[in-house]
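Reading through the structure tokens given below for one structure.
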Amino acid sequence: MGQPLVSIIVVCHNQSDFIFEALDSALGQDYPLLEIIIVDNGSTDGSVEKIKTWLWMYDKGRSIKTFLYEEPINYCEAFNEALETAQGEYVIDLSGDDVLRPMHVKTSVKTLLARPDAGLCSSNAYLVKATGEKIDAFFPVSKKGETMGEVPQGDVYEKVIMRYFVSTPTIVFDTLKLKRIGGYDETLVYEDFDIITRLARKYPFVFSDHIGVEKRIHKKSFSVQQYSSRSSAMLHSTVKVCRNIAIMNRSSSERKALIFRCIHETKHALASANFEAAGQLIDLAESLGANGLAIKLCKLWQGMKLDVSFLYERLKR
């Protein structure tokens, strides 16, 4: 059996400082069958010019598909447009400020081929500063570089509702399974919580114990904006995802997992003074049966609308 084609969709928006390194990391994989698709989502910082220069430098102008939007569109929509054209059996969503380590595709594909029923494979990642300096690993690692502790695999639906344990930048999707569930939800501002729960509802997950990606953390990175003070668009997407999970749930334990998640997100919404989203999360949790001290305290805080976001911002640094 031959090796499967892997599509790497590189999505860039105002990441001119990092896009060369991201593209080089995609092209530099120790894996022979790659399809690279580049999406620029309306950048205004010179990213498009750097992408065109990179294509010229490597003489890839005709062999690499590009989607260069003059104006920004919804991230999920931009990715889905590229996904529709992807020919690979597996697909990677690579942010224009992240870096794939050379063995990531090869090692992940080997894991996926051993579990053809899996919806995705994830691995560990280094979190790095804008300069590339390592901050930490997503999962703690031993001196040998091995992940410490057990990472959930198989049927992980209930677990992904409760907490983040999938390092989303490392995900290698089964393309057909991703397309079967409709790709990313284009009504959302961000994709990872939603796509992980929808895939986990239908398919098992697998984990490969290697450092696959260098995930860049800086003030403009998408993940930093999740709990922006007073105006987080991402939290409203979180509310919608939680409501969708309530529809997908099938058991009492899954319902309790969602209550736990709603309260977790409510605390962050309150601390960041996103009181409308907090109220929606409280309403959902109560509709699921939440009635303990935690939800009562959240309701009290939401009613008072006590703004401590200045302190929350300091604590996040």
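At-a-glance table
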| item | result |
| --- | --- |
| Alpha-carbon Debye profile of segment 1-119, log10 I(q)/I(0) at 0.16, 0.23 Å⁻¹ | -0.73, -1.38 |
| Theoretical FRET efficiency, 1/(1+(r/R0)^6), r = Cβ-Cβ of Met148 and Phe260, R0 30 Å, to 0.05 | 0.80 |
| Per-residue Cβ neighbour rank within 10 angstrom, fewest leading, Phe173, Phe275 | Phe275, Phe173 |
| The chain - share of DSSP beta bridges that are antiparallel (%, nearest 5) | 30 |
| Most to least packed among 127-133, 140-146 [average Cβ atoms within 10 Å] | 127-133, 140-146 |
| Segments 174-183, 211-220, 93-102 sorted - mean Cβ within 10 Å per residue, highest first | 93-102, 211-220, 174-183 |
| Between 0 and 90°, nearest 10: helix 233-248 axis offset from the chain longest Cα axis | 80 |
| Cα principal axis extents for the chain, largest first, Å | 61, 43, 41 |
| Cα long-axis angle, helix 293-304 against the chain (0 to 90 degrees, to the nearest 10) | 90 |
| Cα gyration tensor category, rounded, prolate or oblate, for segment 160-317 with a/c compared to 1.5 | oblate |
| Extended-chain gain in nm, criterion 0.36 nm per residue less alpha-carbon gap, Thr53 and Lys296 | 81.8 nm |
| Taking the chain and dividing mean pair separation by its residue count, relative contact order in percent (alpha carbons under 8 Å, at least six apart) | 17 |
| Computed lengthening from Asp24 to Gln3, 0.36 nm per intervening residue step minus Cα-Cα distance | 5.4 nm |
| Calculated FRET efficiency for the pair Glu133/Arg314, C-beta based, R₀ 22 Å, to 0.05 | 0.50 |
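Every number in this text was worked out from the coordinates using simple rules, so none of it is lab data. The structure presented is a predicted model; accordingly, all values stated were derived computationally and were not measured. Here Cβ is always computed from backbone atoms with ideal geometry, including for glycine, and neighbour counts include all displayed protein chains.
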